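What follows is a short report on a single structure.
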Amino acid sequence: MKKKFEVRSSNEEVRGGGGILHSSFALRTSNLLLPLVTAASSILLWHAAVRFSGTKIFPSPFDVARAIGQLADQSLLWRYIGDSLARVACGYSLAVLLGVPLGILLGWYPDAGRAVNPLIQILRPISPLAWMPLAVIWFGVSNVAPIFLIFLASFFPIVVAATHGVRTVPPMFLQAGRNFGLTAPQLMSRVVVPAVLPRIAIGLRVAFGVAWVVLVASEMIAVDSGLGYLIIDARNAGKRYDLVVAGMLIIGVLGLILDMLLRRAESWASERR
Amino acid sequence: MRFGSIDVLQHIDLDVREGEFVCILGPSGCGKSTLLNIVAGFIQPTGGEVTIDGERVISPDPRRIFVFQERGVFPWLTAEGNIGFGLFRLPPEERRKRIAHYVNLVGLNGFERAFPRELSGGMKQRVEVARALAVNPDVLYLDEPFGALDSITRLQMRAELLRIWQAERKSILFVTHDIEESVQLADRVVVLTARPAHIRRIVDIDIPHPRDLSAPRYIQLRDSIFAEIGLAHKI
């Protein structure tokens, strides 16, 4: 018995390229479409739940949309968003500027790491919100208190990511760098820093997530503007739960947008590997 | 050489001539990589010394470049960025010329701007060899450089390495556990024992390049090493 195997490239297969293009288009649409479907059905479900339960407290999607419109009219919306973003920008950038170099140094000098690590490991698990009473006493009702808390929230994850990143740089890279006669500062700038960049980028994104959560909580106590303040003020000054939910929604959407931006930065940092 | 309390290497006494291609052959884990790391100055021996042209080796040196498996290329640099990595002391024009020369020598034309993740294993290995050659070293240390490549690419890379070696006349110290590889490449094969490694025998491979892998002399030398290690060349 003889069997014959044939592999032939037919015209159909040559046209396969079109198929790939088509499926990538389909992928893009479904990337956008599927989340939109989920959002739409969640809003519908929300509306139906409010409607059929007859709740007087929880607002419907329409109430919330109206509340957002109201905020925009009073130009409070943009001021609160601006205030919140400015605070998170200050605290977070301070944490990046101090945390990245410190983390790299702690990873690079094992003795420094051993000396400082216990302190970091003790401070790290303390929720930044636990510092709130002290922050209010130290800084009063001012922008400094929330900025301080955001700084604390993002500083430790950044330090830990950078330290760990440096410690896990493949020894081969360092060996190669030394072999080519690099001085210690050159080794740092030409090998260590580029090698840890992707890991630091991940740490930065994780840290931002924590910072954003802490921002809202800190604004409920220490200041009189911002998205956290909006929520607490809406409840205190007249049980406006439509405004409460509006604030929650704005915080969520802004958090999503900022996370997407950082995700993009992260994939830029790691795209070369 | 001791590692913790384990003797890794004992009584290694080896002279390498300028421009010579020497393979260090031994079973896995016998300490041949350790030996190469000592010779390159990355590890300090607990006893004995390494001298090159009468000068004692105490640290790595750009005149002698260590080539790893292809994982040693820097993933954040392009092919030409990698190849030019050690040329930071040269003026830009000279650096550009040097990079172009070695891109050409290892056959990476058209891939200068590619990042390592876009290259195959064999191409990454070429990048690493070119990066080493670009600083014009006297000696190359290669630690099982083709171990991670598929067998076809490995054969091609051996031929490439010989061609480059004949063009550039570097001294090469090449660590491998592959008997065939050592007999195909080297002027001399240093056969090590299992740990603690010492030199079992040094075999002169007196066959001119290009070597005919079915010539009786090749087979005779190869089989003598198989016999030396205690393996019958049968399966």
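No value in this document is a laboratory result; all are computed from the given coordinates. Predicted, not measured: the structure shown is a model, and the values here were computed from it. Positions of Cβ are backbone-derived with ideal geometry, glycine not excepted, and every protein chain shown enters the neighbour counts.
Residue pairs, Cβ under 9 Å, 6 or more apart or interchain, first in the stretch B:27-46 and farther than 19 Å from B:V190 by Cα, second in a loop (DSSP other than H, G, I, E, B) and of a type in the set (S, T, Y). List them.
B:G41/B:S59; B:F42/B:S59
Can you find even one residue in the stretch B:41-54 that is more than 14 Å from every other protein chain (Cβ to nearest Cβ), closer than 29 Å to B:L119 by Cα and either assigned to a strand (DSSP E or B) or in contact with an Asp or Glu (Cβ under 7 Å, 6 or more places away or on another chain) (or both)?
No, every residue in the stretch B:41-54 fails to be more than 14 Å from every other protein chain (Cβ to nearest Cβ), closer than 29 Å to B:L119 by Cα and either assigned to a strand (DSSP E or B) or in contact with an Asp or Glu (Cβ under 7 Å, 6 or more places away or on another chain) (or both).
Residues in the stretch B:8-22: is at least one in contact with a Phe, Trp or Tyr (Cβ under 9 Å, 6 or more places away or on another chain) and surrounded by fewer than 18 Cβ atoms within 10 Å (Cβ to Cβ)?
Yes, some residue in the stretch B:8-22 is in contact with a Phe, Trp or Tyr (Cβ under 9 Å, 6 or more places away or on another chain) and surrounded by fewer than 18 Cβ atoms within 10 Å (Cβ to Cβ).
Going through the stretch B:58-79 one residue at a time, which ones are in a loop (DSSP other than H, G, I, E, B) and either without any contact (Cβ under 8 Å) to a residue 40 or more places away in the chain or within 7 Å of chain A (Cβ to nearest Cβ) (or both)?
Narrowing the stretch B:58-79 to residues in a loop (DSSP other than H, G, I, E, B): B:58-60, B:62-63, B:68-69, B:73-78.
Hits for the stretch B:58-79 are B:I58, B:S59, B:P60, B:P62, B:F68, B:F74, B:P75, B:W76, B:L77, B:T78.
Filter the stretch A:207-225 for residues that are surrounded by 19 or more Cβ atoms within 10 Å (Cβ to Cβ) and in contact with a Lys or Arg (Cβ under 7 Å, 6 or more places away or on another chain) and give the result.
A:L215
Within the group A:G181, A:G177, A:G140, A:G99, which residue is within 14 Å of chain B (Cβ to nearest Cβ) and either surrounded by 19 or more Cβ atoms within 10 Å (Cβ to Cβ) or within 30 Å of A:G226 (Cα to Cα) (or both)? Show your work before the answer.
Details: A:G181 fails: either surrounded by 19 or more Cβ atoms within 10 Å (Cβ to Cβ) or within 30 Å of A:G226 (Cα to Cα) (or both); A:G140 fails: within 14 Å of chain B (Cβ to nearest Cβ); A:G99 fails: within 14 Å of chain B (Cβ to nearest Cβ).
From the options A:G181, A:G177, A:G140, A:G99, the qualifying one is A:G177.
Consider A:P128 carefully, then state whether it is buried (at least 16 other Cβ atoms within 10 Å of the Cβ) and either in contact with a Pro (Cβ under 6 Å, 6 or more places away or on another chain) or within 14 Å of another protein chain (Cβ to nearest Cβ) (or both).
Judged against the criteria, A:P128 is not a match.
Any residue that is surrounded by fewer than 24 Cβ atoms within 10 Å (Cβ to Cβ), within 13 Å of another protein chain (Cβ to nearest Cβ) and either of a type in the set (F, W, Y) or farther than 21 Å from A:G99 by Cα (or both) - is there at least one of those in the stretch A:162-170?
Yes, some residue in the stretch A:162-170 is surrounded by fewer than 24 Cβ atoms within 10 Å (Cβ to Cβ), within 13 Å of another protein chain (Cβ to nearest Cβ) and either of a type in the set (F, W, Y) or farther than 21 Å from A:G99 by Cα (or both).
Would the stretch B:144-167 turn up any residue that is in a helix (DSSP H, G or I) and within 13 Å of another protein chain (Cβ to nearest Cβ)?
Initially, the stretch B:144-167 is screened for residues in a helix (DSSP H, G or I), giving B:151-167.
After this cut, where a residue has to be within 13 Å of another protein chain (Cβ to nearest Cβ) as well, the list is none.
Among the residues of the stretch B:144-167, not one is in a helix (DSSP H, G or I) and within 13 Å of another protein chain (Cβ to nearest Cβ), which makes the answer no.
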